[in-house]
Amino acid sequence: MVMKILLRIAVFYIVINLAAYGILSMSLGHPVATLPTQSVVRGGRNDVLSTLEEMGMTLLLDSAAFAGADRPQLVVFGASGAASGIRPNLLQSGFPDYQVSSLAMAGSNMTEVKQAMDEFLWAAPAAIVRQSVAVIAIGYLVFHRHEVFVNGYRPSMPPSLFFKGQPESDITQAARRSPAILDPSNPVRLIMPKGIVVAAKQRFIVWRQLNDFLPWNVGDWLARRSQWRFQTPDMRADEKSNGPVVPPPPPFLPADFEKLSIREQMAYATRWMGPGPEVDRGEQEMFTACLRQALQSGMHVIVVNMPLPGEHRRNAHLFATFKPTLQRLVNPFLSSGNLDLIDLTEALDDGHFSDFGHAKPESLPEWARVFVEHLQPLVKPLPTGR
Amino acid sequence: MTINSLGFLAFVAIAAAFFHLAPGRWRYRVVLPLVSVAFLAFTASSFWGLITTVGFVAALVAATGIIVRYRRSGVMALIVVAILLIYCWLKGYTLFAWLPFATQMPATIGMAYMLIRGLQLIVDAREDKQLRPGLLDTFSFLTAWPCLVSGPVQRYQEFAAQSVGMASYRLNEQVFLEALGRMARGWFCVLVLGDIAKHFWLGLKAVAYEGVYPLAFGGSQLAFLVYVYADFSGYTDIVIGAGRLVGLKLPENFNRPFEARSFLEFWSRWHMTMSNWFKTYVYNPVLRLLATRWPAPAAANVLASIAFFVTFFLVGMWHGTTGAFAVVGLLLGLGASVNQLYRGAIRRLLGKQAFARLSAHVLYGMAAKGLTFACLCVAIIPLGMQEDEMRAAVGRYGITGLMISQLFVFLVMAPTALVHLPTLQAPRSMAGKCFVIALTIVAIEMYVFLFSAADGRFFYQQY
């Protein structure tokens, strides 16, 4: 009798659970297709090899963690230089009043840095934001043109559903591939209460992990359905036309990029920054928008001009002009008294770099020491004395 | 191991399995005490906490043995005083902090409940010569695992009657489903409803302490009351369900307390077993004593209000060891005695029938309910606050702020007098009951999965 009742409850439990998960998956969150294993850039929060788009997805999801923040944050924003060189766990002991975390994402430009900041400001409670510190750790390379790192390849979507028109940032692409509720620009997300969005993100994180253990990707079908729901009419028309399959573009960086000399790597950097005398104007505007937004939210902002090896500094055509440009961009905000600019371009010896701008794993403690040494005097003590 | 953990679920399953696999005559004599000892060991905060609790149980068992042998009032008085002193010492009451090691005693589980069960047994054993519990009976009664942590407070006579039937107790389909359903409902109350209310309580409390926000302060008091209700009634459901699996039918502890329209009515609906205990073993003797000293019928109402004051003051003191609980006791006592004085006076003034008509009036009902909860929320403020928080709140809000916050509670609760929630009927078929249990489990799982719980501890466990 006991077993019969327990068995019946178990069957009902499974049926109800499947139904509930199905409904929630369709409406709140579901896994997308597994991304290609092709590695583009090393970096990201977990120092794993992943695609830019997957890092964008991770950033969108991880920002949910800030919703539960109960202490002031010291958040690092930036690109691969910041992601590889500034490790929150190594900096934490230097800032005991703060929770140190990083939303730096490899391959980012200023548009993506601002998107990361948008996510943080959306997620974290306003009272916490007012006590928090934003460390915008950048270099001239972060001001690259918007289309430089666009993959143009979405493995979870039929090729005919590729976005057309203006290139979009990796975070935007990741957002488009995720359920509507996770896309910061989607109207569904805009009208949803924050708690629901955070819950959806948390659920989505688990879905992604479960995905690795499934023999086939159930989320792919769901992803396509939601893509269909929210895509533009011309894209739907494209899908119906059954046009020729567009082959994926070649990877932006060569597979053996890390084995190249600094001078050879610099050649790529020069190419993606363009031949102009100054960093991209549009990205400059994005930088000032980022500063304005952070300061308006009450955060203390520290802009760090990131360390670079000597050979890079000497050979980069934009490096010399970037310092005065950065100063000019920052000057209007200095009067707020809540902004600091520090130049660490020459703070580390060449031996601490693995390539043209990233930290050597064994030098991470030294990188952390330099950052703590320079940031500590600027980080204001908390008024509550915590 | 806490009551709302998976560990407890596993413990219940193993305990029930042992109980039903054991020969009938062993169930009460061997399985129940052994499982209770194991439960004590699993729930104890530390080794010394376990030793302290066991020591206290031993003292209660010895005291019961003495009173069964020497049924004299003088002996009973001595024993009761000694037990109370030992209890206050072990619990570390501020008043007894001067006693050696009083402030270094390890945390214990369920001692407050053991105390009132033990005192009930001592008093009843002296008065009823038929009541002769043996050492094992007393031990099993005091430590019965389903109601060890926080009740419900079962009388020994009921426990003894049920223990007789344990040998032949067999689970049938209806009882098993009822037990599972009750436990699932309990976990839902604790883990979902209680947690939601706790989030509201903590959030509103944080807002209330950031500045002077009387509405947030009032809201936090109501949220706290809802949280404690969901937590405690959920706990009671869990242990009643667990008890059913091993042949114990524990008494109900709640009867829709949010429908109460007076302070005294609230306490006849909330934590009913404790209220009944205090009524039987404190209120009645105190009233009898006062009536013997001042037998005039005109003084009856005043004497009853004094007895209520003493009783509810002790209820407050029983909840905790610090001065804050004395404040709770004073406020509860004040509320109860004023309620009794008003009830007597208005009945005398209007007469019983007119008073009944007045009570049935919608506006009177709304006002009475609003006032009841406004007063009640004030009285239990110290239960949900640290002493320094309380001092800061009193300093910041003052009388005016407190009045506004209680007015808010009044305005929120008064309209609820118009609402009468129907009792949900459980499905009759086995499949329907299984479906409801599975649905409850899924709801709990999804909530726990989606939202991080504020804190999984059972609130009343601290008492």
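Could you state the per residue volume, in Å³, of the convex hull enclosing the Cα atoms of the range A:335-383?
Details: hull volume 4.8 nm³, N = 49.
Output value, Cα hull per residue: 98 Å³.
Based on DSSP H assignment, which helices of chain B show an axial Cα extent of at least 27 Å together with a mean Kyte-Doolittle hydropathy greater than or equal to 1.6?
Working: long enough: B:47-69 (33 Å, 1.83); B:214-245 (47 Å, 0.86); B:300-319 (29 Å, 1.68); B:323-350 (40 Å, 1.04); B:387-413 (28 Å, 0.77); B:430-450 (30 Å, 1.96).
Within chain B the helices that satisfy the rule are B:47-69, B:300-319, B:430-450.
How big is the range B:13-88 by the Kirkwood estimate over distinct Cα pairs, in Å?
Over the range B:13-88, the inverse of the mean reciprocal pair distance is 14.6 Å.
Using modelled amide H (1.01 Å from N, peptide plane; none on Pro or chain starts), what sits under 5 Å from the amide H of A:Ala347, excluding residues fewer than 5 places away?
A:Leu308
Taking a ≥ b ≥ c as the square roots of the eigenvalues of the Cα gyration tensor of the range B:235-287, is the shape rounded (a/c under 1.5), prolate (a/b larger than b/c) or oblate? It would help to have the intermediate numbers written out before the result.
Details: a/c = 4.47, a/b = 1.51, b/c = 2.96.
Judged from the Cα gyration tensor, the range B:235-287 comes out oblate (a/c at least 1.5, b/c at or above a/b).
Excluding A:Gly298 itself, what net charge comes from residues whose Cβ is under 14 Å from its Cβ, given Lys and Arg +1 and Asp and Glu -1?
Values: positive: A:Arg130, A:Arg292, A:Lys380; negative: none.
Net charge in that neighbourhood comes out at +3.
Counting only the backbone N, which residues of the range B:231-260 are under 19 Å from the spot 7 Å out from the Cα of B:Leu21 toward its beta-carbon?
B:245-247
What is the range B:309-463 by shape, rounded, prolate or oblate, if you read a ≥ b ≥ c off the alpha carbon gyration tensor as root eigenvalues and call it rounded for a/c under 1.5, prolate for a/b larger than b/c, and oblate otherwise?
On the way: a/c = 2.03, a/b = 1.22, b/c = 1.66.
Taking the square roots of the gyration eigenvalues as a ≥ b ≥ c, the range B:309-463 is oblate.
Which cross-chain or sequence-distant (5 or more) residues have an amide H under 5 Å from the amide H of A:Val303, H modelled 1.01 Å from N in plane?
A:Ile136, A:Asp340, A:Leu341, A:Ile342
For the range B:1-50 and the range B:282-357, compute the distance between their C-alpha centroids and round to whole Å.
40 Å
Tell me the label-point distance for the pair A:Tyr268, A:Val2, using the 7 Å Cα-to-Cβ offset, in nm and rounded to one decimal.
It works out to 6.4 nm between the two label points.
Going by average Cβ density within 10 Å per residue, which order do the peptides B:218-230, B:63-75 take, highest to lowest?
Working: B:218-230: 22.9, B:63-75: 15.5.
Ranked by mean Cβ neighbours within 10 Å, highest first: B:218-230, B:63-75.
Which of B:Leu303, B:Pro100, B:Thr416 sits farthest toward the positive end of the charge dipole of chain B, with +1 on the Cβ of Lys and Arg and -1 on the Cβ of Asp and Glu?
Farthest towards the positive end: B:Leu303.
Considering only C-alpha atoms, what is the centroid distance from the range B:146-179 to the range B:196-238, in Å?
33 Å
Return the sequence-ordered ³J(HN,Hα) values of the range A:281-295 in whole Hz as given by the Karplus equation 6.51 cos²θ - 1.76 cosθ + 1.60 applied to θ = phi - 60°, using x for Gly and Pro.
Running phi through 6.51 cos²θ - 1.76 cosθ + 1.60 with θ = phi - 60° gives 5, x, 6, 4, 4, 5, 5, 5, 5, 5, 4, 4, 5, 5, 5 Hz.
Amide H of A:Gln73 versus every other amide H placed in the peptide plane: which residues, excluding those fewer than 5 positions away on the same chain, fall under 5 Å?
Under 5 Å from the amide H of A:Gln73 lie the amide H atoms of A:Gln99, A:Ser132, A:Val133, each far enough along the sequence or on another chain.
At 1.4 Å probe size, what's the solvent-accessible area of B:Met366? Round to the nearest 10 Å².
40 Å²
Going by a ≥ b ≥ c, the root eigenvalues of the Cα gyration tensor, does the range B:210-327 fall in the rounded group (a/c under 1.5), the prolate group (a/b larger than b/c) or the oblate group? Can you show the working numbers first?
Details: a/c = 2.19, a/b = 1.23, b/c = 1.78.
Taking the square roots of the gyration eigenvalues as a ≥ b ≥ c, the range B:210-327 is oblate.
Give the peptides A:189-202, A:267-280 in descending order of average Cβ contacts within 10 Å, highest first.
Details: A:189-202: 17.1, A:267-280: 14.6.
Final packing ranking: A:189-202, A:267-280.
First measure r as the distance between the Cβ atoms of A:Asp349 and A:Val11, then evaluate 1/(1 + (r/R0)^6) with R0 = 56 Å and state the FRET efficiency to the nearest 0.05.
The formula returns an efficiency of 0.25 here.
Quick check on chain B: helices-only [θ] at 222 nm, where DSSP H runs of length 4 and up contribute -39,500 (n - 2.57) each and the sum goes over total residues. Nearest 500, please.
Taking each H run of at least 4 residues, the total per residue is -23000 deg cm²/dmol.
Take the solvent-accessible surface of the protein heavy atoms, probe 1.4 Å, and return the percent of it on the range A:323-386 that carbon and sulfur atoms account for.
Values: 1830 of 3370 Å².
Carbon and sulfur together cover 54 percent of it.
Quote the charge dipole size of the range A:261-318 about the Cα centre in Debye, to the nearest 20; the model charges only the Cβ of Lys and Arg (+1) and of Asp and Glu (-1). Numbers along the way, then the final one.
Values: 6 positive and 6 negative charges, 23 e Å.
For this selection, approximately 120 debye.
Which whole number gives the average, over all residues in A:5-17, of C-beta atoms from other chains lying within 10 Å of the residue C-beta? If you can, show how the numbers build up before the last one.
Details: counts 9, 4, 1, 8, 12, 3, 3, 9, 9, 2, 3, 9, 6.
Across A:5-17, the average partner-chain Cβ count within 10 Å equals 6.
How many square angstrom of accessible surface are buried between B and A, both sides summed, with a 1.4 Å probe and rounding to 100?
Numbers: alone 22500 and 18280 Å², together 38880 Å².
Buried area (both sides, nearest 100 Å²): 1900 Å².
What FRET efficiency comes out for the pair A:Asn331/A:Ala126, r = Cβ-Cβ distance, R0 = 25 Å, nearest 0.05?
The pair A:Asn331/A:Ala126 has a calculated efficiency of 0.35.
Simple spin-label model, 7 Å along Cα-to-Cβ: B:Phe42 to B:Ile86 in nm?
2.7 nm
If you count, for every residue in B:441-447, the Cβ atoms of partner chains within 10 Å of its Cβ, what is the mean?
Values: counts 6, 10, 2, 0, 4, 7, 1.
For this peptide, the per-residue mean of nearby foreign Cβ atoms is 4.
Given a cut-off of 30 Å, name the pairs among B:Lys129/B:Lys249; A:Lys380/B:Lys205; B:Lys198/B:Lys352; B:Lys249/B:Lys433; A:Lys114/A:Lys360 whose C-alpha atoms lie farther apart than that in the structure shown. Mind showing how you got there, number by number?
On the way: B:Lys129/B:Lys249 25 Å; A:Lys380/B:Lys205 28 Å; B:Lys198/B:Lys352 42 Å; B:Lys249/B:Lys433 20 Å; A:Lys114/A:Lys360 27 Å.
Too far apart for the 30 Å limit: B:Lys198/B:Lys352.
Just the accessible area per residue of the range B:105-174, please: how many Å² with a 1.4 Å probe? Show your work: numbers first, answer last.
Values: 2580 Å² over 70 residues.
Here the residues of the range B:105-174 average 37 Å² of exposed surface.
Students often check this: by mean Cβ neighbours within 10 Å, which of B:391-397, B:290-296 ranks highest, and how do the rest follow?
Numbers: B:391-397: 14.1, B:290-296: 11.9.
So the peptides B:391-397, B:290-296, ranked by packing, come out B:391-397, B:290-296.
To the nearest 0.05, what FRET efficiency results for B:Met1 and A:Lys194 with a Förster distance of 45 Å applied to their C-beta separation? Walk me through the numbers on the way to the answer.
Values: r = 35 Å, r/R0 = 0.78.
Result of the calculation: an efficiency of 0.80.
Under a point spin-label approximation (7 Å from Cα along Cα-to-Cβ), what is the B:Ala426-B:Arg357 distance to one decimal in nm?
With each label point 7 Å from Cα toward Cβ, the separation is 4.4 nm.
Counting partner chain Cβ atoms within 10 Å of every residue's Cβ in B:163-173, what's the average? Each step should come with its number before you reach the end.
Values: counts 0, 0, 0, 0, 0, 0, 0, 1, 3, 1, 4.
Whole-number average of other-chain Cβ neighbours for B:163-173 is 1.
The values are calculated or read from the model by the stated rules, or taken from the named source; none is laboratory data. Because the structure is a prediction, the values reported are computed rather than measured. All Cβ positions, even for glycine, are placed from backbone atoms using ideal geometry, and neighbour counts span all protein chains on display. Just so you know, the surface numbers come from the protein's heavy atoms only, side chains and all, with ligands and any DNA or RNA stripped out. Shrake-Rupley method; radii C 1.70, N 1.55, O 1.52, S 1.80 Å.
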